[in-house]
1. Given a Förster distance of 45 angstrom, what is the FRET efficiency for GLN52 paired with LEU210, based on the Cβ-Cβ distance and rounded to 0.05?
2. So if I take the centroid of the Cα atoms in the stretch 114-132 and the same for the stretch 91-112, what is the distance between those two points in Å?
3. Please give, to one decimal in nm, the separation of the simple spin-label points placed at ASP104 and ARG13, each 7 Å out from Cα toward the Cβ.
4. Count charges around MET135 for me, please; just the other residues with Cβ under 10 Å from its Cβ, Lys/Arg as +1, Asp/Glu as -1.
5. Taking the stretch 29-102, which GluC sites (Glu not before Pro) meet the DSSP loop condition and have no more than 16 other C-beta atoms within 10 Å?
6. Where does the chain land at 222 nm, in deg cm²/dmol rounded to the nearest 500, when only DSSP H runs of n ≥ 4 count, each adding -39500 (n - 2.57), divided by all residues?
7. Excluding the sites themselves, what is the longest stretch of the chain that contains no trypsin sites (Lys or Arg not before Pro) in a DSSP loop with at most 16 other C-beta atoms within 10 Å?
8. So I have (i) 14.3; (ii) 17.0; (iii) 12.0, and one of them is mean projected area of the Cα convex hull in nm² calculated from this model. Which one is it?
Amino acid sequence: MSLQVLEEFTRSRAPGFRCYAAGDKSGARFLASVRHILNAPASTESIIKVRQMLGRHADKVAGFYQHHDGFVLYRDTKSEAAGIELLSVEQWEEATEDMRDWFDHLADEPENDPDHIVTGISIATVPHSGNYFVMPMEGPSAGKIFYADHDGWYESAFADDFDGFLAHVVREPAKLLAEEVGCYTRYSDGRTDAQWIPEEYFPDISGVHL
């Protein structure tokens, strides 16, 4: 079901955000146009790799990747900014190594990593943030997905499973980007140096008035 919900979400006619300028929330507003990109299906070899890396937690993930080898949501049409990227399978190992480099100090402090994030697998990211969505492979939280933020760590699981992750990233887009994952995604008007922060999401901004 989450695959169908996500695919329907990405078919929005003219998606975008009403935004305010960073540092001036009471000032002018801007409509940022975005697009959603679904990758082609993963190869047979990649699906095998998903099952090898995720073990008993692979079924739902592999099922999705048989349709799409990752995606990019909330991609700005005027800059390189984007909101959420589900990484292609071939990117997992490098992303996981990068995540572990950030948190390698926790390897000697297991009491500070009760959910076994550092030994988990990075499957998604907020582009240009250095932060990853990680699925632990061991312990009581195995199979859940956590947002490992090197600026603030985390308080609880982002989602209870992969389907929950898919549902979460399309549920409240503006709140997701501006609050939940650290406000790293700033949109461009293509004319000024202003950084525009999402305030409200619209499936079709063509009829939205500021």
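No lab work stands behind these numbers, since they all come straight from the coordinates. Computed from a predicted model, the values in this text were never measured in an experiment. Cβ sites come from the backbone with ideal geometry, for glycine too, and all protein chains shown count toward neighbours.
1. After rounding to 0.05, the efficiency reads 0.35.
2. Each part's Cα centre sits 8 Å from the other's.
3. 5.2 nm
4. In short, 0.
5. Working: sites: GLU45, GLU80, GLU85, GLU90, GLU93, GLU94, GLU97; in loops: GLU80.
The qualifying sites are GLU80.
6. Theoretical 222 nm ellipticity from helices: -6500 deg cm²/dmol.
7. Looking at the chain, 79-190 is the longest stretch - no exposed trypsin sites (Lys or Arg not before Pro) with at most 16 other Cβ atoms within 10 Å.
8. This structure yields the entry labelled (iii).
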